[in-house]
Structures are given as structure tokens and as C-alpha cells.
1. May I ask for the longest run of the chain untouched by trypsin sites (Lys or Arg not before Pro) that are loop-located per DSSP and have at most 15 neighbouring C-beta atoms (other than their own) within 10 Å?
2. As an exercise, use a Förster radius of 25 Å and the Cβ-Cβ distance of MET31 and VAL284 to find the FRET efficiency, rounded to the nearest 0.05.
3. Between the range 136-163 and the range 45-66, how far is it from one alpha carbon centroid to the other, in angstrom?
4. Return one quarter of the surface area of the convex hull spanned by the alpha-carbon atoms of the range 1-151, equal to its mean projected area, in nm².
5. Could you state, as a whole-number percent, how many of the C-alpha pairs of the range 74-300 are farther apart than 34 Å?
6. Averaging the inverse of every distinct alpha carbon separation and then flipping it gives the Kirkwood radius. What is it for the range 168-254, in angstrom units?
7. Could you do me a favour and compute the accessible area per residue for the chain, 1.4 Å probe, result in Å²?
8. What does the charge count near THR243 come to, summing +1 for each Lys or Arg and -1 for each Asp or Glu among other residues with Cβ under 14 Å from its Cβ?
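The values are calculated or read from the model by the stated rules, or taken from the named source; none is laboratory data. It should be emphasised that the depicted structure is a prediction, and the values quoted were computed from it without experimental measurement. All Cβ positions, even for glycine, are placed from backbone atoms using ideal geometry, and neighbour counts span all protein chains on display. Surface accessibility is based on the protein's heavy atoms, side chains included, excluding ligands, DNA and RNA. Shrake-Rupley method; radii C 1.70, N 1.55, O 1.52, S 1.80 Å.
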Amino acid sequence: MATGAESLTLAPPRTRWGEVVIHGLLGLCAMVSVATTVGIVVALFLPAFEFFQQVGVIDYITGTEWAPLFLQKSFGVVPLIVGTLVVTFWACLVAIPCGLGAAIFLSEYAGVRTRKTLKPALETLAGIPTVVFGYFALTFVTPLLRDIGIQVDIFNALSAGLVMGVMIIPTVASISEDAMSAVPSDLRQGAYALGSSKLQVSTRIVVPAAVSGIVAAFVLGISRGIGETMIALLAAGQQPGLTFDPKQAVETMAAFIAATGAGDVPTGSVEYKTIFAVGATLFVMTLIVNAVSIRLVRKYREVYE
């Protein structure tokens, strides 16, 4: 007589074709993302490499005059980098404190009903086209600055940076608020039990605990400011000068790419290849910012069980 153990047989698991198809589609999506990134890098850096065969890398990086479309050509990218950093600085000066303050309010102070109303309204701001922000900076903010006594040029870095900061606020606020909401409530309750006020809990408990997500929000906002095109193109001007004065006109790297790409520059010329050289420079700058962000996030990440 066979025992129960001997008579028990395990049938091979039946293949679930639906899971196989889903697994393949997800893998295909991942491969498309990787292939797109590789394609962008190849399409960007091959013409940039051809550009640097005609223009020295040292002259490009250290030159202080940028006039690739003039008769006396100059290919020093420093004015474009300075213009980009000036506009981004003023954008961060608005977006970081306002975005973090909005995130703290939504996470720690606002009630459920208030949060459900304010957060979608704040995120709606992110859906406004950037060209609208650009004309708003040119036609409203610049005259407003002049009315209050700040003598800015018609095109200037200050108005472009301020409006760009307003555009970035939803990004910083939304991601920071998500990071703060992920902090366990036990930390808050323990701090309240020790007699802490709401302000102390918000600034000394919640913000430090969510600092990795907040840093990621800041870096994402900075990256968006560095790569913003239409606001800088419409409001900051197209005068690549080596100046840190925000009241004067500047030209950013993204604005140069947009303006030159839409012009009548002959394809294959050295002037045309400057688009890819500046794009590669912008890509490297953004890559460095993201690499620093990843390092900071990993260093200060808090893991809760």
C-alpha cells in the first residue's frame, strides 16, 4: 500500500502567459528609456566632438567672449554659463524658501480639507506653459520692478529669475511635501509628548527626517532652472555679457540653443555645431548636479520600519 508521501505528486507550475506578456512589456519600456538616453547622448556629442576639432576645448571653456554668429567669431562659453547661473540663482532664491515653506504648511499646519484644496491648486501652477511665464516676466514684472525703483533693462536676468522661481515652486513644494508626509507620525507624537511646539516639530524633527527628499526636490528645481528656455529667451535677453548684475540683459545656454536652432544657420557649419557644443555643456552641468544630488540623498537618507 503506497504511503501518502509516495502518492503525492507535484505538477509543474502552469505558465501564466499574461504575466509573461506584462513582464516583457515592462522590460521593453525599460529598454526604450535606456535606448533613448543613449541616442540623445550620441546625437548630442558626435557633432560636439566635430565642433571641438575646429575650436579648441580650452578656448571654449575659458573664453570670455561669445559671438559665434558674428564676422569676428568668438567661442568662449563663459558668458553663457554665467548668464545661466545668474538666472538660476535668482530663481532658486524664490523657489527654495517659498517651496519649502509651502511644503511645511501643507504637511504640518494645513487641515485635510485645506490640503486637498491647496495642493492641487499649487500643482496647477506647474501646468502653465513657460511661454506664458516669459511674457508675464517681460510685460508685467519688468515694469513693476521699474515702478518700485529698481532700474532694470527691458531684458534682464532679475525678472526672468524671479518668474522662473515662481514656476519652480510647485516642483519643490510637491516633492518636499511628499517627503515630509512619509515621515512616521510616531516621531511627531514623541516630540509633542516631550513638550515641543508645532514649529519645533516641523523644523527640528520633520524637516531633518525628510532631508533626503527635500534635497532631491531642490536639485530637481535647480536642474529645471538651468534648462529652462522660454522664460530666459523672452525676458532675459540675448546679450551674452560677462556680468553678474541681474539688472542687465544676459543670455543663457538654453536660450542660445533655442534662438540659434530656429535661425538661418547653415547646417554642418561651425556656427551650427555650436548648438550641440552648448547642449553638451548643459548636459554635463545637469549631470553633475544630479550626481551631487544622488550622493547627498544616499548620505542623508532615513530608513524607517
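1. Numbers: sites that count: ARG14, ARG16, LYS73, LYS247, ARG301.
By the stated rule (loop sites, at most 15 other Cβ atoms within 10 Å), 74-246.
2. On the way: r = 25 Å, r/R0 = 1.00.
Rounded to the nearest 0.05, the efficiency is 0.50.
3. What the calculation gives is 33 Å, centre to centre.
4. Details: hull surface 90.4 nm².
Averaging across all directions leaves 22.6 nm² for the Cα convex hull.
5. Details: 6251 of 25651 pairs.
The proportion of pairs with Cα distances above 34 Å equals 24 percent.
6. On the way: mean 1/r = 0.0642 Å⁻¹.
Result for the range 168-254, one decimal place: 15.6 Å.
7. Values: 17340 Å² over 305 residues.
That works out to 57 Å² per residue.
8. Combined, the nearby Lys, Arg, Asp and Glu give -3.
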